Amino acid sequence: MSALDVFDQSAPGPSPAAGPVTEQIPAASVPVIELAELTRTFPGTPPVHALRDVDLRVERGEYVSIVGPSGSGKSTLLHILGLLDRPTSGDYYLDGVATGTAPEQDRSALRGGRIGFVFQSFHLLPHRTVMDNVLLATLYSGVPRTERKDRALAALNRVGLSHRLDFMPTVLSGGERQRVAVARAVVASPHVLLADEPTGNLDSANSAGVLDLFDELHADGLTLVVITHDDAVSARAQRRIQISDGILTEVA
Amino acid sequence: MRGIRRSRPEPAPAPARDDAGQGWSPQGSVAVATDPEAEAVTGPVDAVHDDGQVPAEVASGRPRRGLRLRRPRLSLRRRKTPSIVPRGSVRDRFGIRDLVAEAAHGVGARPGRLVLTIIGTVLGVGSLVVTVGLAQTAAGQIARQFDAVAATQVVVEPATSRTSQGERATGRIPWDVEDRLNRIAGVEAAGAVAPVSIGEATITAVPVNDPSAPDVTPPKVLATSPGMLEAVGGRVVTGRYFDSGHDQRADRIVVLGARAATRLGVNRVDRQPSIFIGEHSYTVIGIIDDVNRRSDMLDSVILPIGTARADFDLSSIEQAHAKIAVGAGPVLADQAPLALEPNNPDTIEVQVPPAASGVRQNVQADINAIFLALGGVALLVGGLGIANITLLSVRERVGEIGLRRALGASKRNIGAQFLVESVVIGLLGGLIGSALGVFAVVAVSLAKEWTPILDTWIVIGAALLGGVIGLGAGTYPALKAAGIEPITALRGGT
Ligand SMILES: Nc1ncnc2c1ncn2[C@@H]1O[C@H](COP(=O)(O)OP(=O)(O)OP(=O)(O)O)[C@@H](O)[C@H]1O
Ligand SMILES: [Mg+2]
């Protein structure tokens, strides 16, 4: 790992044989997510070491859950994975691309194009319809204008809410809201879906609905990283990772 | 290695989500796990790192914007560029249409607040339009009512004093008043006039005394100097006015006012008709009309002053009239008495046109300045109002901003959205204010029976001014919004 890092630091300049600018397609073997000795420290007295020397690989199509007690660094990890926060040291490779020190503009574009978020508190725009809320994710991710409506419809159909298109989120149940959020997260065809306590605000029946949805998405090939402190939720994942005091350990 | 199959070049503008099953599509049709090639991916992945000691950057293309492809280079040459940002689809990534649509939603979300937000701008733009509009309308009105005759007419009379016998002239206008006035700078024409008493004499067009003719009141007889017609702005209908030669020779000629001519049955002068005043015959040499300042001249038989003095013992001049250049009034008021009565200037009264029009314009200018200042203050307050409410809205919508950032919005996208929102709000205020201003100008004009005058460009400019104010007011909130950290924003929750 460290040898590769050295390589990255001293990366040579553009190759003279540079061809036309083409979309970079990572090889099948490149993990969707790779953290290399990543550390996130919050300054303070004393400084908070939210993540310590984390190494993590998530392959395409994996369903990973990250469990840990409160304050263990789960949300910090998810923010790093979602390009919402930058590591203090180490690097984060998304589809093989080093993002740790990438310009903010590029990170925004990556976020829009490759990452889908599902939050504990849904984060739907209250004054916009269900349809508009899902369309919102297509605005920033470069989905061609002509495809937006169809894709949003497909996504809402996928989560079983095609009969609620013109509803306001405020009149939906918690489970329905979270399913709208899932539709929004997948509408732009992300490479990975990140969920932070997706069932934290839901009762058990609604939780089960959302988790079933995750299972289906996983079955369709989507990579999922779900953060939770609920063992029932993490049990649904194919792979479980325990985090405590900023240190990750694989759960067998 | 499985990756070899993927080493073929992709078409240049391939959007990220179409990149051969990398992304997950909501339709579930492109399923990586069902792809036998991809299935193997989860297998011996570590092998990549084991033999991968070659940096991928050398593959081809420049590392765009600091993004480095860490992928170890395999034995086969890869022709992929490390560009990770989906450049090919940038075209549809939050374009102008999206920006405007999102801003419109933001503006329309709270109609009640919108009204409060734009009220300052509405008042400011409205008061500017009203001020400018009323000034333009009033200027048009003044021009319409501007009485050129009144502004250039001077009347000179002997002063009078009240005594026990009644009012009595204390001064005297000299016979050569016309020459004396003409010498003063600013005088364009001057003339003198005096009523002539003809005693019991009658005025007739024929010498025969026809007893059967009805008794009609005879026309007045006036004596004037030759320049009088021009001094009072009259017009010769036919023939001519007398000149100083007639005056000096005391010729027996007359000019008739238009109504007097009708009364006497004279309508043409080419055959040298005569009228009789008493027993003397006077040749009619002209007929005049359009005398506004001394309309009694129209009803009169007009003699040269010299003739009147010779035939009717005219003893004094009643009035002198002068037509002056615009603005010469004050000079004339000073100089005319000295010119006519150097020893006793007090005995001559001069009525000059009031300089009030200038005063009125000055007052108007002051009022305009005050209104414009008030409008400016209202605009400032309006701008502050927009800034304040937009800032409040940014604070309230922190969660939305965080969400948009998480969905891929750049700082620039966020800033642009709030900036456009505030420009739209300002523009809306400007349009409404401008419309209300036009309405007010028209209403006032209707009430005063004026013709409303308002420059179209003022109206359009005022509306656009609202947009400019929105732009200015929205800059700080937009920068604030763009600077919001997505994590902090998302933690707040909505
Ligand atoms: N901005 C920050 N500044 C300082 N310390 C922070 C900051 N953000 C998080 N921390 C600290 O980092 C640690 C990990 O926080 P994090 O939010 O990741 O916990 P968590 O595992 O998500 O907990 P929970 O289950 O309660 O959500 C905590 O001790 C927290 O206080
Ligand atoms: Mg947390």
Do the conditions hold for A:Val171, that is, is it among the β-branched types (Val, Ile, Thr) and crowded, with 18+ Cβ neighbours inside 10 Å? no
Only residues that are under 16 Å from A:Gly209 (Cα atoms) and hydrophobic (A, V, I, L, M, F, W, C): list them for the stretch A:156-184, please. A:Leu156, A:Val159, A:Leu161, A:Leu172, A:Val180, A:Ala181, A:Val182, A:Ala183
Which residues, taken from the stretch B:92-112, are exposed (fewer than 15 other Cβ atoms within 10 Å of the Cβ) and among the basic types (Lys, Arg)? B:Arg97
If you go through the stretch B:225-238, how many residues are crowded, with 18+ Cβ neighbours inside 10 Å and more than 26 Å from B:Val352 (Cβ to Cβ)? 1
Being in contact with a helix residue (DSSP H, G or I) (Cβ under 6 Å, 6 or more places away or on another chain), under 18 Å from A:Val118 (Cα atoms), among the basic types (Lys, Arg) and not in a loop (DSSP other than H, G, I, E, B): is that true of A:Arg240 here? no
B:Ala201 - would you say it is surrounded by fewer than 19 Cβ atoms within 10 Å (Cβ to Cβ), modelled with pLDDT of 75 or more and hydrophobic (A, V, I, L, M, F, W, C)? yes
If you take just the strands (runs of 3 or more DSSP E) that sit entirely in the stretch B:284-359, which of them hold at least 3 residues that are under 26 Å from B:Asp270 (Cα atoms)? B:300-304
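Looking at B:Ala489, B:Ala482, can you tell me which residue is within 30 Å of A:Gln120 (Cα to Cα), within 16 Å of ligand 2 (Cβ to nearest atom), of a type in the set (A, V, I, L, M) and within 14 Å of chain A (Cβ to nearest Cβ)?
Result of the check over B:Ala489, B:Ala482: B:Ala489.
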A:Asp106: away from ligand 2 (no atom under 16 Å from the Cβ) and at positive phi, yes or no? no
Within the stretch A:64-71, is there a residue that is closer than 23 Å to A:Asp230 by Cβ, away from ligand 2 (no atom under 16 Å from the Cβ) and in contact with a strand residue (DSSP E or B) (Cβ under 9 Å, 6 or more places away or on another chain)? yes
Say we look at the stretch A:209-233 and pick out the residues that are within 16 Å of ligand 2 (Cβ to nearest atom), away from every other protein chain (no Cβ under 14 Å) and within 16 Å of the chain's Cα centre (by Cα); which of these is modelled with the lowest pLDDT? A:Thr228
State yes or no: is A:Ser141 buried (at least 24 other Cβ atoms within 10 Å of the Cβ), farther than 23 Å from A:Asp231 by Cα and polar (S, T, N, Q)? yes
Any idea how many residues of the stretch A:181-208 are crowded, with 20+ Cβ neighbours inside 10 Å and either in a helix (DSSP H, G or I) or facing another protein chain (nearest Cβ under 10 Å) (or both)? 16
Looking at the stretch A:73-100, which of its residues are within 16 Å of ligand 2 (Cβ to nearest atom) and in contact with a Gly (Cβ under 7 Å, 6 or more places away or on another chain)? A:Gly73, A:Lys74
With respect to B:Thr451, is the statement that it is among the polar types (S, T, N, Q) and surrounded by fewer than 17 Cβ atoms within 10 Å (Cβ to Cβ) true? yes
Log entry, pairs with first residue in the stretch A:58-85 being more than 17 Å from B:Leu490 (Cα to Cα) and polar (S, T, N, Q), second being assigned to a helix (DSSP H, G or I) and away from ligand 2 (no atom under 13 Å from the Cβ), beta carbons closer than 9 Å, six or more apart or on different chains, reads A:Ser65/A:Val233; A:Ser65/A:Ser234
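The rows are residues; the columns are (1) on the phi < 0 side of the Ramachandran plot; (2) within 16 Å of ligand 2 (Cβ to nearest atom); (3) not hydroxyl-bearing (Ser, Thr, Tyr).
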residue: A:Thr129; (1), (2), (3): yes, no, no
residue: A:Pro144; (1), (2), (3): yes, no, yes
residue: A:Met168; (1), (2), (3): yes, no, yes
residue: A:Leu172; (1), (2), (3): yes, no, yes
residue: A:Asp196; (1), (2), (3): yes, yes, yes
residue: A:Asn206; (1), (2), (3): yes, no, yes
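Table: residues versus (1) more than 8 Å from every other protein chain (Cβ to nearest Cβ); (2) within 16 Å of the chain's Cα centre (by Cα); (3) under 29 Å from A:Arg236 (Cα atoms); (4) within 16 Å of ligand 1 (Cβ to nearest atom).
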{"site": "A:Val67", "(1), (2), (3), (4)": "yes, yes, yes, yes"}
{"site": "A:Thr76", "(1), (2), (3), (4)": "yes, yes, yes, yes"}
{"site": "A:Ile80", "(1), (2), (3), (4)": "yes, yes, yes, yes"}
{"site": "A:Asp106", "(1), (2), (3), (4)": "no, no, no, no"}
{"site": "A:Arg111", "(1), (2), (3), (4)": "no, yes, yes, no"}
{"site": "A:Arg114", "(1), (2), (3), (4)": "no, yes, yes, no"}
{"site": "A:His123", "(1), (2), (3), (4)": "no, yes, yes, yes"}
{"site": "A:Ala137", "(1), (2), (3), (4)": "no, yes, yes, no"}
{"site": "A:Ala155", "(1), (2), (3), (4)": "no, no, yes, no"}
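The values are calculated or read from the model by the stated rules, or taken from the named source; none is laboratory data. Here the structure is a predicted model, which means the values were calculated and not measured. Heads up, the Cβs are rebuilt from the backbone with ideal geometry, glycines too, and the neighbour counts pull from every protein chain shown.
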